[in-house]
Structures are given as structure tokens and as C-alpha cells.
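Contents: one structure, followed by commentary.
FYI, it's all coordinate maths here, none of it is from the lab. Every value quoted in this text rests on a predicted model; they were computed, and no experiment measured them. Using ideal geometry, Cβ is built from the backbone for each residue, glycine included, and neighbour counts are taken over all protein chains shown.
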Amino acid sequence: MKTLFARPESLTTNPTHYCPGCTHGLIHRLVAEAIDELGLRERTVGIAPVGCSVLAFNYFNMDFQQAAHGRAPALATGIKRARPDLVVFTYQGDGDLASIGMAEIVHAANRGEKFTVIFVNNAIYGMTGGQMAPTTMPGQVTTTTPRGRDVSDVGYPVRMCELLASLATPGFIERVAVHTPPHIVKAKRAIREAFRLQVESRCFTFVEVLSTCPTNWGLPPFEATKWLEQTMMPYYPVQNFKKPEAAAPKAEA
Amino acid sequence: MAKVLMKGNEAIAESAIRAGGLVYFCYPLTPQSEVAEYLARRMPEVKGAYLQAESEVAVINMVYGAAGAGARAWTTSSSPGISLMTEGLSYIAAAELPAVVVNIVRAGPGLGGILPSQGDYRQATKGGGHGDYRCLVLAPASVQEAVDIMPLAFDRADRYRNPVIVIGDGMIGQMMEPVEFKEWNFPPLPVKDWATTGCRGRKPNLVNSLHLDPLVEEQLNETLARKYEKMCREEVRFEEYRTDRPYRVLLTAYGTTARVCKTAIQMLEKEGISAALMRPISLYPFPSEKTRELGRKAEFLLSVEMSMGQMVDDVRCAMGCEKPVSFFGRSGGIVPSPEEVVKAVKSHLGGGK
């Protein structure tokens, strides 16, 4: 009998604590599939952030470290500098990476640290109950922007891929989404490519995943996917921003 | 091995390398930047890892990551930088990771000044960061002692799986003295089977300080408390000076200030005033029993510090109401002179003699 679909070895059997309609579980699976396909599980160390995915170590079946808020890229740098043979990835949300951890992500990228960042952007602070994130959309209502995000007061949302792509060093930067099957397929391809480039010690690799937060957006899951497509995607274009020279022909390797 | 003349900061760097401290992260800050400069040159020669980070906040978290992956990771900084690292120290202590942090203390508070100070005693010994944690704190009084303490610091960090702070005032970092690098033989250390090195052939390891179940969190605090109790039993270190004969006053001082006190004691002797010194080498655990034992033999105690009076609290705590405990200190980056210490002793003896 041929197995067509199974739980990746890189995921544990623990049920996740994520809300209905949240895409964290799906993104976990894509990361786990990529690690399995490349045969990296037994030499991978993941870094969990502070935020909704703070307990990611309960769901990934591999060595993990849990970081202080925003510092995951510093931990990853420490691990990778001490043990370049290990495969290291951080899994961070928008508050963790683009607010409190802005210095660490920018400098890790600029040094070209050879680890992979999975950046989950759902335009809100989830774990703390729906406050404004650096990525919150203009006019978006959150618990700390009750009249909607006023860009004249708190500025426009931060586009991390574009910001990091302005640096000369980082090698692979791509934004993907996971609200429809075709986008999920593309997201998987980008995540796998990021890990492949890391294993080849090529470059800093960064994949931003546009994600939904039905609970804190106050929308049913299907409506949330529509909001992502109509509101977030025009501001956060889904595309590759950077890839290393000569990486393309090996993409299917 | 022959003695070589070295600046304190460079000697600390070389000693750390010889002790296997081969993963080092730093951020420049006076008066300890020579450690980084020395290691930027030296670390590639020994195939170690050296990185100048974007901030002390990043540094301490790089130390966390590397230590979590089983490395002998360490850093150096000075007072304002150590303040930025205290959050990370709390996480490192909570995750039970070994790490060595050298603080070449400068004058504070705030941006302060770049001259020697002992104003970080409380920060080092009482916590600094949040939560119930302690660091083993070792205070050298010479460049040679700083060299000798580094291997001990790495060994104890690994043995206790806890951060160790080596605290030297700016004088220790900046002055040059002849030093000898000795061979140290510590008992074998346990294998780091908890480190995140890839889960081949075993269950996944987790380096973590998050415990949402209060009973689990309390259990961690119990475990840490037992560890600190063990330190208090086994890691107390001190030096006695002129305690082998009767004395009227017991001085307590550490680091550079202790050396000033030794000169003051010799000056007092010439004037017929007998004084002795208890120099803590471990600031945490503080040598409370030894302080009490020696203090009982004196008319009073005088804590001499480069601060407005921090260690004096521990001296008072050790003595209770048994003997009067006084304080003399200079701050702002000023090292007290032996004459000033002599004067302070005399004033407490009651006007002139």
C-alpha cells in the first residue's frame, strides 16, 4: 500500500493550541515537510519566539530553544557561529520580529547569518489579545487602535521583505501567503528553497508568510482569507525579492 | 611557564582562550574594549568564534544560543552594557545554561564615567534581572588573579549550569602586571546531554525558560535554590591579611580597593594601630561566616569600597548587632588613597589615634 499523505516526522503528535482558522499550524506543517524532504530533522535546531508560536517547541519534533521576545535571530546567530554544521531556523511573528526584535533581525540579515527565518505576518499581536503590530494595516481596528490605525500618529506598516532587501548582504528574501492552495504550494517551495540554501551555506534566508488571525481580526475564517487577499496583499506584494545568483537552476534539486 | 607583562583585559582574553572559552560575542565599551580587540586577532588562530554584535542585548542572547548548543560561550562588557544584559542573564539562569560574563566596572549610575568603580556590586550579587536567580560572582584583585579566575569561572559555569560573573573594576582591566598562565586540572564535567546539538539517536532537547504550569515553575525555582545553596556551601572564597595577630579594626574590601587597604594597614602598623583585612574573592556567595569570625575579634569593621556603600550591607548582615560596621568609599571613578583609608580608620577609632 502506498502512503499518499502522513504527518511529517518533523511534527509531534501534540494537538496545537492555535485558534480555529489560524494558519500557524499550516505553516508549521510546511516547515516540517521541507525539513523532512531535505533530511535535516536530526541536525536542526528551531528557535521559538514570544507570541502565539511561543510553544512551537511542543509541535516540532526536533531540538529547540525558546528565545526572549525578539531575540530569536541573536540565539540563532549564537548557535550557528558555535556550530555551523547545525541547521537553524527562527519562527517569529510580526510583533516579535518587526517591533521589539527589529535590531536583531536587521543585523543578522546584514551579516548574512546562514540560518532561515520564517516570519509570520498576520498584522496584529495575537497572544496578548489583538493589539496593534508594526504590520497592522492603515485603518485596521485593534484593541490599541480602537478608531483604526492612524498613520499620521503611528506611521505606516513596516514591510520587512522590502526593508531587508535594501541591504546588500542577505541572499534569499521572499514573501508568500497561505490562504489558498496555490499560494500554499508556492509558500512550501519558498520555505524549502530557504532551507536548501542554508544547507549549502549560501546565505541568509528569509520567508515572510502572510497569515490570518480570525480571532483578533473579528472575522470568520473564510472572511479572514478574503481580508488578507483584499487588504494585505496589495500592500504586502507576494513575490521573491532576492535570490542568490545561480541558485535558480538548482531550485528543483 | 615564564611570566609575561600583560594588560588586564588582554590577560583575561588569553586566559579565557586557554580555558576553552572559544565562543565569544561582544560590543565595544570602555574600559573593556581591549578584550574584544585582542580576541578579534587571536580567536581565528585558535579556530574559535568571535563576533562583534549590534548591541549588548544581542550579545547576551548570542551567548544564550551558543551555550544552549553546548559551547563554552562568554562575553565581556562594562556597567551600562551589563545593565542591558541582565534580562538575558535571567533567561540564561532560568534555562540553566553555563555562561561567563566579565564586567569591567566603570563609574555610574547612567552613562557615568569610564574610570574604575565598584558600583555594580548590588547588581551582580543581588540579581539585576527579574526573578529568583543568582550568579556566582568572582572578584579578582590583580591581573594574575583575573587570569587564574577565568578557568575557574568556566568550570563552575559548566558544573552549575549557571552564569558566572567575573567582576573587576576598571583598574583590573586597564593596568599591566606580570602574569603566568598555569595549567588547571578540574575534575571531569558531566556531558552536556541537554544541549541542542541535533536530535540524532535521542529524543529532542529543549532549552527553555517558559513554564506556564505554576507547579513546574515553582519546581524550577526549588531546583535553582538548591543550586545556590550548594554554591554557598562550596564556593565561598576569600583572602585574609594580617589576621594572624590581634587587631583593633577589620577592613573589608575586594578588588583594587583591597590592595589599597593592605597599604593602609601597613601605614597604620607604623603608627601602632593594628588592622586586618578580609577580602572576599567570591562576592556571591559572600563570605559571611568568615566575616563574622574575624569581625568578632575587632573593635569595629570598616567596609572600604569604590561606591557609596554596597558591600557594606552584606558585612552588616553578617555581623548583625555584634560589632559596629562603618563605611568609607569614594565614587565617580576615584580610587581611594591609602592615606584616606588611614584617616577613615583613625576617625572611627576616635580622633587621631
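With label points built 7 Å along Cα→Cβ from the Cα atoms of B:Cys321 and A:Glu37, find their separation and express it in nm.
Inter-label distance under the simple model: 7.7 nm.
Across 10 Å bins from the origin, how do the percents of Cα pairs in the stretch B:240-350 run, short distances first?
The calculated distribution, bin by bin, is 16, 55, 28, 2.
Please give the FRET efficiency for B:Glu234 paired with A:Ser201, using the beta carbon to beta carbon distance and R0 = 51 Å, rounded to the nearest 0.05.
Given R0 = 51 Å and the Cβ-Cβ separation, E is 0.70.
Summing -39500 (n - 2.57) over the DSSP H runs of n ≥ 4 in the protein assembly as shown and dividing by its residue number, what mean residue ellipticity at 222 nm do you reach, to the nearest 500 deg cm²/dmol?
One gets -11000 deg cm²/dmol as the mean residue ellipticity at 222 nm.
Please go through the stretch B:16-105 and write out the trypsin sites (Lys or Arg not before Pro) that DSSP classes as loop and that have at most 10 other C-beta atoms within 10 Å.
When the trypsin sites (Lys or Arg not before Pro) of the stretch B:16-105 are filtered for loop state and at most 10 Cβ neighbours within 10 Å, B:Lys47 remain.
For B:Ser288 and B:His211, what is the calculated FRET efficiency with R₀ set at 30 Å and r taken between the beta-carbons, to the nearest 0.05?
So, using R0 = 30 Å, E works out to roughly 0.45.
With θ set to phi - 60° and the Karplus curve 6.51 cos²θ - 1.76 cosθ + 1.60, what are the ³J(HN,Hα) couplings of the stretch B:185-190 in order, to the nearest whole Hz, using x for Gly and Pro?
10, 9, x, x, 8, x
Could I have the simple spin-label model distance between B:Arg200 and B:Phe300, label points 7 Å from Cα toward Cβ, reported in nm to one decimal?
Inter-label distance under the simple model: 6.8 nm.
Among B:Tyr121, A:Tyr236, A:Thr3, which residue has its Cα positioned farthest towards the positive end of the charge dipole of the protein assembly as shown, with +1 placed on the Cβ of Lys and Arg, -1 on the Cβ of Asp and Glu, and the dipole taken about the Cα centre?
With unit charges placed on the Cβ atoms, the residue in question is A:Thr3.
Using DSSP H assignments, which helices in chain A have an axial alpha-carbon span of 18 Å or above and a mean Kyte-Doolittle hydropathy of 0.0 or higher?
TM-like helix candidates: A:24-37.
Return the loop-located trypsin sites (Lys or Arg not before Pro) in the stretch A:1-109 (DSSP other than H, G, I, E, B) with at most 11 other Cβ atoms within 10 Å of their own Cβ; answer none if there are none.
A:Lys2
Where the only charges are on Cβ atoms (+1 Lys, Arg; -1 Asp, Glu), what is the dipole of the protein assembly as shown about its Cα centre, to the nearest 20 debye?
560
Charges only on Cβ, +1 for Lys and Arg, -1 for Asp and Glu: so what's the dipole of chain B about the Cα centre, in debye to the nearest 20?
Roughly 560 debye, rounded to the nearest 20.
Would you mind ranking B:Met85, B:Met231, B:Met171, A:Met233 by Cβ crowding within 10 Å, fewest neighbours first?
With the fewest neighbours first, B:Met85, B:Met231, B:Met171, A:Met233 line up as A:Met233, B:Met231, B:Met171, B:Met85.
To the nearest 0.05, how large is the calculated FRET efficiency for B:Thr223 and B:Met308 if R₀ is 35 Å and r is the Cβ-Cβ distance?
Once rounded, the FRET efficiency stands at 0.50.
Which one of B:Gly333, B:Ile172, B:Phe300 has its Cα pushed farthest toward the positive end of the charge dipole of chain B, where Lys and Arg give +1 and Asp and Glu give -1 at the Cβ?
The Cα lying farthest towards the positive end belongs to B:Phe300.
What size of dipole, in debye to the nearest 20, comes out for the stretch B:210-255 about its Cα centre when the only charges are +1 on Lys and Arg C-beta atoms and -1 on Asp and Glu C-beta atoms?
For the stretch B:210-255, the charge dipole is close to 460 debye.
Return the subset of B:Lys47/B:Lys203; B:Lys230/B:Lys343; A:Lys114/B:Lys203 for which the Cα-Cα distance in this structure is over 32 Å, preserving the input order.
B:Lys230/B:Lys343
Tell me the label-point distance for the pair B:Glu37, A:Cys19, using the 7 Å Cα-to-Cβ offset, in nm and rounded to one decimal.
About 5.4 nm, to one decimal.
Within the stretch B:259-353, which GluC sites (Glu not before Pro) sit in a loop by DSSP and count at most 15 neighbouring Cβ atoms inside 10 Å?
Filter output for the stretch B:259-353: B:Glu271, B:Glu299, B:Glu322.
Under the rule of at least 5 residues apart or a separate chain, name every residue whose amide H is placed under 5 Å from the amide H of B:Gly168.
Those qualifying (amide H under 5 Å, at least 5 residues apart or on another chain) are B:Asn103, B:Ile104, B:Val105.
Note the full-extension length gain between A:Leu163 and A:Thr231 as 0.36 nm times their separation in residues minus their Cα-Cα distance, in nm to one decimal.
22.5 nm
Would you tell me the mean number of C-beta atoms belonging to other protein chains that fall within 10 Å of each C-beta in B:39-51, as a whole number?
Counting Cβ atoms of other protein chains within 10 Å of each residue's Cβ and averaging gives 1.
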